[in-house]
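The values are calculated or read from the model by the stated rules, or taken from the named source; none is laboratory data. Only a predicted model underlies this, so the values are computations on that prediction, with no experimental measurement involved. In this analysis, Cβ positions are derived from the backbone assuming ideal geometry, glycine residues included, and neighbour counts consider all displayed protein chains. Note: areas computed on protein heavy atoms with side chains; ligands, DNA, RNA excluded. Shrake-Rupley method; radii C 1.70, N 1.55, O 1.52, S 1.80 Å.
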Amino acid sequence: MPVKSSSCLRQLGLLRDRYGEEVASRKSKLLAVLEKSSLSKASEVLRLHEILCFLRAYPDDPHVLMQVERMLESFARRRDLRRQRAALSDTGIAGTQIRFRFFAPTAAWLAKRYPTRLHVDWKKLTRQQRLESFLPPLVHYAETPGLDEWDLEVREWIHRLKGSDETDGAFLARRFDALKADSFVREKIYDDLDIPMRLDPGERTPSRSLARHPGSPVVFVRGDISPQRPVLPGDALRRPLAVRDLSRRSASGIIDLARASMVTRQRDLDLFSYASPDDVRLVEWGDGLQFACLGALPERRLLLEAVYAFLTLKNGVPIGYVLVSALFGSSEIAYNVFETYRGVEAGRVYGRVLATTRHLFGSDVFTIFPYQLGHENEEAIRSGAWWFYQKIGFQPRSRMAVRIMRKELSRMRREPGHRSSPRTLRALAQHNLYYYLEKPRSDVMGADFLPNVGLRISDYLAKRFGSDREEAARTCSAEAASLLNAGSRQGLTAGERLAWERWAPLVCLLPGLARWSPADKRSLVRVIRAKGGRRESEFAVRFDRHRRLRKAILRLAGPRR
């Protein structure tokens, strides 16, 4: 039986992304054997799991889908999985452990939902003394005499301090979440302690096996999937079939799915951790492809660019994610396909990413930043990511990168089998790539001038207020209101008031503001309110329409580096 099951697994792997009525029948027969048999190696159990996840996202027909869902639902109870459980840790398979140094909000999220499953991984904790010294602020003041006098190990202290119905990991995550400080300070302290955690498997704990958005329709694959690259500009100019606002309840379910998708892959993403349930939309593209577009809570938004994260769904299964930063009619995009789903339709999906970005933000320029291309990212170097983007039309602006590219292209024409060396790819990946739907211009994301705005504000506040930044906030808020004739801010939401306070020093510094028309000033007030409003994408659109504001920001930034 082990020989037979291994052979069936190899055959199923060969058929994984092939489609047709005869192929579906063969897959079904192989799945029937593998459902009842036991695999001898951990690598084979993992391989079967990945094929099942793939077929859940790309199902042949209702019968294959039913088999796949049944096998995934019971995967944690497989004999071979239980036998290889230790070797399969950190795979995200249902029934296995996950070890990771979760970000503070993710640890708090896990502690809230799985208080008996989250543990401190004491063997990997390297900063025990620092954690011990931080225990007093985490407990009631009346407990400090004991902490001061008794010489217990930090592990013993936490075991004594925690409740009987929670783990050491849940106790720590909850106490840091309750620490009397704003979320930025709490997060900084927690991250500095670098606490490794272990999430034990339990009923419906996060797993890749069961991850799916229940509201997504299922579209079966009728023919082989095309691996072709997107065709620009045409694919970027497409319009989605629909963009649906989600209720807070549905949005919260999507946010949980996005967080779990990171947890089960030993990753963390701020945009998923701090997503706003008021700013989640589902973009429909047909063929089972959707993007869940998540905006950030107002307090977690950047001063200038609008930042969103997309969770890519195929028939409801998370197959990757996207990060988009938008401003000045341009978008910087980071595109990731989870390993299980690579090499199938990454090009087609990327074309829809560009079109979704253009639809939401009105961008006519797209840029790829160096990490995505291979800078300090060996995975991108191995995959040749730089050439993926270049072949669909992205081009470097750096003169050095242009010279290297032309040299490589010339050699490829002479030697059709030539492939760029890792050293060459690392040199190319030092600089952004760009694609312009219209005439090339320099005031775009990735041009490295926005940080200068922050420096100008720091110089201004240091000169006027020194260390008293609280007085700076009060004074600048009042002066900005006077400059813009904004009147009272009593009717603003909490997010809008926060955006006003953050933008006030920038308003005070805008060159030429006194000469703006009343209409331009009112428009700027609406831009600022949108930064703290329900949807940050509205801020990006309003900002880009305000020509005088764009020009003033560019003047304030000064020469581009």
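A few notes on this one:
- When residues of the range 522-533 are limited to those that are of a type in the set (D, E, K, R) and within 18 Å of LEU304 (Cα to Cα), the one least open to solvent (accessible area, probe 1.4 Å): LYS531
- ALA57 being within 23 Å of VAL23 (Cβ to Cβ), open to solvent by less than 10 Å² (accessible area, probe 1.4 Å) and either among the small types (Gly, Ala, Ser) or free of Cβ contacts under 8 Å to residues at least 24 places away in the same chain (or both): yes
- Flag for VAL507 being open to solvent by less than 50 Å² (accessible area, probe 1.4 Å), β-branched (Val, Ile, Thr) and within 25 Å of ASP364 (Cα to Cα): no
- Of all residues making up the range 73-92, the number that are open to solvent by less than 10 Å² (accessible area, probe 1.4 Å) and either of a type outside the set (Phe, Trp, Tyr) or modelled with pLDDT under 95 (or both): 4
- Counting only residues that are among the hydroxyl-bearing types (Ser, Thr, Tyr) and closer than 14 Å to LEU461 by Cα, the range 479-517 holds 0 of them.
- Qualifying residue in the range 358-370 (condition: open to solvent by 30 Å² or more (accessible area, probe 1.4 Å), among the basic types (Lys, Arg), in contact (Cβ under 8 Å) with a residue 40 or more places away in the chain and out of contact with any Asp or Glu (no Cβ under 8 Å at 6 or more places or on another chain)): no
- One residue from ARG204, ARG239, ARG249, ARG222 being of a type in the set (D, E, K, R), out of contact with any Gly (no Cβ under 7 Å at 6 or more places or on another chain), in a loop (DSSP other than H, G, I, E, B) and free of Cβ contacts under 8 Å to residues at least 24 places away in the same chain: ARG204
- SER261 being open to solvent by less than 30 Å² (accessible area, probe 1.4 Å), closer than 27 Å to SER183 by Cβ and in contact with a Ser or Thr (Cβ under 7 Å, 6 or more places away or on another chain): no
- Helices (runs of 4 or more DSSP H) fully within the range 431-509 that include at least 1 residues being in contact with a Ser or Thr (Cβ under 8 Å, 6 or more places away or on another chain): 450-465, 494-509.
- Residue list for the range 203-248, filter: closer than 19 Å to MET262 by Cα and surrounded by 13 or more Cβ atoms within 10 Å (Cβ to Cβ): THR205, PRO206, SER207, ARG208, SER209, LEU210, ALA211, ARG212, HIS213
This table checks each residue for (1) surrounded by fewer than 21 Cβ atoms within 10 Å (Cβ to Cβ); (2) within 30 Å of GLU187 (Cα to Cα); (3) not acidic (Asp, Glu).
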| position | (1), (2), (3) |
| --- | --- |
| ARG10 | yes, no, yes |
| ALA42 | yes, no, yes |
| VAL68 | no, no, yes |
| ALA104 | no, yes, yes |
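- Helices (runs of 4 or more DSSP H) fully within the range 101-182 counting 3 or more residues that are more than 30 Å from ILE255 (Cβ to Cβ): 128-133, 144-149, 154-161
Residue-by-condition table, conditions (1) open to solvent by 60 Å² or more (accessible area, probe 1.4 Å); (2) of a type in the set (Gly, Ala, Ser); (3) free of Cβ contacts under 8 Å to residues at least 40 places away in the same chain; (4) touching a helix residue (DSSP H, G or I) at 6+ places or on another chain (Cβ under 8 Å):
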{"site": "SER420", "(1), (2), (3), (4)": "no, yes, yes, yes"}
{"site": "ASP443", "(1), (2), (3), (4)": "no, no, no, yes"}
{"site": "GLU471", "(1), (2), (3), (4)": "yes, no, yes, yes"}
{"site": "ASN485", "(1), (2), (3), (4)": "yes, no, yes, yes"}
{"site": "SER488", "(1), (2), (3), (4)": "yes, yes, yes, no"}
{"site": "GLY495", "(1), (2), (3), (4)": "no, yes, no, yes"}
{"site": "TRP500", "(1), (2), (3), (4)": "no, no, yes, yes"}
{"site": "TRP503", "(1), (2), (3), (4)": "no, no, no, yes"}
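- Of all residues making up the range 174-200, the number that are basic (Lys, Arg) and under 23 Å from the mean Cα position of the chain (by Cα): 3
- Taken over the range 183-201, residues that are in contact with a His (Cβ under 8 Å, 6 or more places away or on another chain) and either open to solvent by 30 Å² or more (accessible area, probe 1.4 Å) or assigned to a loop (DSSP other than H, G, I, E, B) (or both) amount to 2.
- Residue list for the range 452-469, filter: open to solvent by less than 70 Å² (accessible area, probe 1.4 Å) and at negative phi: ASN452, VAL453, GLY454, ILE457, SER458, TYR460, LEU461, ALA462, PHE465, ASP468
- Comparison of LEU118, LEU138, LEU125, LEU131 shows that the only residue that is over 23 Å from PHE338 (Cβ atoms), in contact with a Pro (Cβ under 7 Å, 6 or more places away or on another chain), surrounded by 18 or more Cβ atoms within 10 Å (Cβ to Cβ) and touching a residue at least 24 places away in the same chain (Cβ under 8 Å) is LEU125.
- Selected residue [modelled with pLDDT under 95 and more than 13 Å from ALA326 (Cβ to Cβ)] from ALA519, ALA552, ALA514: ALA514
- Residue match in the range 410-432 (condition: over 25 Å from VAL337 (Cβ atoms), at pLDDT 95 or above and touching a Pro at 6+ places or on another chain (Cβ under 8 Å)): no
- The range 532-559 residues that are free of Cβ contacts under 8 Å to residues at least 12 places away in the same chain, paired with ones that are open to solvent by less than 20 Å² (accessible area, probe 1.4 Å) (beta carbon under 6 Å, 6 or more apart): GLU538/ALA530
- The set of residues in the range 27-40 that are part of a helix (DSSP H, G or I) and either among the aliphatic types (A, V, I, L, M) or surrounded by 15 or more Cβ atoms within 10 Å (Cβ to Cβ) (or both) comprises LYS27, SER28, LEU30, LEU31, ALA32, VAL33, LEU34, GLU35.
- You will find that of GLY95, GLY146, GLY163, the residue that is among the small types (Gly, Ala, Ser), open to solvent by less than 90 Å² (accessible area, probe 1.4 Å) and within 30 Å of ASP80 (Cβ to Cβ) is GLY95 and no other.
- Pair list, Cβ < 9 Å and 6+ apart or interchain, from the range 403-418 residues that are closer than 14 Å to TRP387 by Cα to residues that are among the acidic types (Asp, Glu) and modelled with pLDDT of 95 or more: HIS418/GLU408
- Out of PRO240, PRO206, sole residue that is at pLDDT 95 or above, closer than 29 Å to ASP61 by Cα and in contact with a strand residue (DSSP E or B) (Cβ under 6 Å, 6 or more places away or on another chain): PRO240
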